[in-house]
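Read the structure below first, then the notes.
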């Protein structure tokens with residue numbers, strides 16, 4: 001027979017070793033970002049631009065400036081792949097279609113964009129809120 005009761009302190013220690021670092025990381029995230037969890041665009045709504053420039057000249061600063069000129073300050077910019085590929089991923093707040101077109105035109109002025117590989121995904125804040133509510137409900141059902 002298993003002697004689980006005799007080894008309960010080891011199980012408490014193991015559980016604490018998992019839970020305490022998780023709580024510390026959540027508190028760190030709360031103080032640095034203002035939220036316990038860093039939610040993606042799927043949960044809070046937003047736009048994702050994946051683009052490839054055909055020529056050199058696009059930098060993180062120039063891409064950020066193109067978004068700022070069109071009223072979007074809180075963008076996250078990442079280079080995709082090797083630097084020679086000139087591929088970028090930009091996460092921004094939700095944009096209307098007209099503003100999105102203006103941003104693409106501003107980016108195209110920096111360096112020509114490969115329009116065939118351009119990908120723009122937009123999730124409205126309403127859809128993001130619905131996904132968040134569904135995720136919370138799924139966790140509650142799974143915990144029950």
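Every number in this text was worked out from the coordinates using simple rules, so none of it is lab data. The shown structure was predicted, so the numbers you read here are calculated from the model rather than taken from an experiment.
Largest mean-square fluctuation among 82, 72, 108, in a Gaussian network model of the chain whose springs join Cα atoms under 10 Å apart, belongs to 82. Grab the DSSP H runs of the chain that are 4 residues or longer, score each as -39,500 (n - 2.57), total them, divide by all residues and round the 222 nm result to the nearest 500 deg cm²/dmol. Taking each H run of at least 4 residues, the total per residue is -16500 deg cm²/dmol. Helix 8-33 and the long axis of the chain differ in direction by around 30°, with both axes built from C-alpha atoms.
Its alpha carbons considered, the chain gives a radius of gyration followed by a Dmax of 21.7, 73 Å. Which angle from 0 to 90°, rounded to the nearest 10, does the C-alpha axis of helix 60-69 make with the longest principal axis of the chain? Value to nearest ten degrees: 80. Taking a ≥ b ≥ c as the square roots of the eigenvalues of the Cα gyration tensor, the range 45-100 is classed as prolate, since a/c reaches at least 1.5 and a/b is larger than b/c. Using a/c under 1.5 as the rounded threshold, could you call the range 74-118 rounded, prolate or oblate? The axes a ≥ b ≥ c are square roots of the C-alpha gyration tensor eigenvalues, and prolate needs a/b larger than b/c, oblate otherwise. Oblate. Classify the range 1-70: rounded, prolate or oblate, from the alpha-carbon gyration tensor (a ≥ b ≥ c, eigenvalue square roots; a/c under 1.5 rounded; otherwise prolate if a/b is larger than b/c)? Prolate.
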